[in-house]
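Accompanying notes for the structure given below.
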Amino acid sequence: MLLNKQHQRGSTFSKSLVIGGIILLLSVLGYYGNKAVQSFLGQQAIEQTGLQLHTLEQALQLAKSTDKLVLADMSAIWCPSCRKLDQQVFSDTRVKDRLNQHFVYARIEYDSEAGKSFMQDYQVTGFPTLLVLNSQGEKLVKLPLSFEALPFLSNLEKVVNANP
């Protein structure tokens, strides 16, 4: 009888381990599966903007030669808010025209070495974060986030007017 109770406890413990392992496995698969789907959707949103993507270094060099400011976009490919910004703001023709006229666009990916450096150098703590830099890489202003084109354009105009 004692052996039977010990066997039942051992069997219950084994079942609990198996169930726990299955839950852990499903959680890990769910996390990475969701990240893959979000990354795919993020890449599509970026491509739909039609913006030319530059690294920060490329953007700074181009800004020097064209006398423009740099709009540095700290984003994550899998971030739904970043995707919303791409779809609702950066895809707007008026926004793209204004950006191309006065700015060089740099997208800095969170999950990269450049992203880690950018976050440290500019004390960025989240994303999406939009910084306007001069051609020497000095931060001029952090743009307030807006997921609507017209308020975003208004913020860009303020920056352009303050930095003729």
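Annotations for the structure displayed:
- Filter pass, D111 being closer than 19 Å to G126 by Cα, part of a helix (DSSP H, G or I), at pLDDT below 95 and acidic (D, E): no
- Filtered by the rule that a residue be within 12 Å of the chain's Cα centre (by Cα) and surrounded by 15 or more Cβ atoms within 10 Å (Cβ to Cβ), the stretch 125-143 gives F127, P128, T129, L130.
- Residue in the stretch 115-123 that is more than 12 Å from the chain's Cα centre (by Cα), surrounded by 20 or more Cβ atoms within 10 Å (Cβ to Cβ) and touching a residue at least 60 places away in the same chain (Cβ under 8 Å) present: yes
- Only a single criterion out of (1) small (G, A, S); (2) surrounded by fewer than 14 Cβ atoms within 10 Å (Cβ to Cβ); (3) over 15 Å from the mean Cα position of the chain (by Cα) is not satisfied by A63, namely (2).
- Residue list for the stretch 144-153, filter: surrounded by 13 or more Cβ atoms within 10 Å (Cβ to Cβ) and over 17 Å from S81 (Cα atoms): L153
The values are calculated or read from the model by the stated rules, or taken from the named source; none is laboratory data. These figures come from a predicted structure and were not determined experimentally. With ideal geometry, Cβ positions are generated from the backbone for all residues, glycine too; neighbour counts draw on all protein chains shown.
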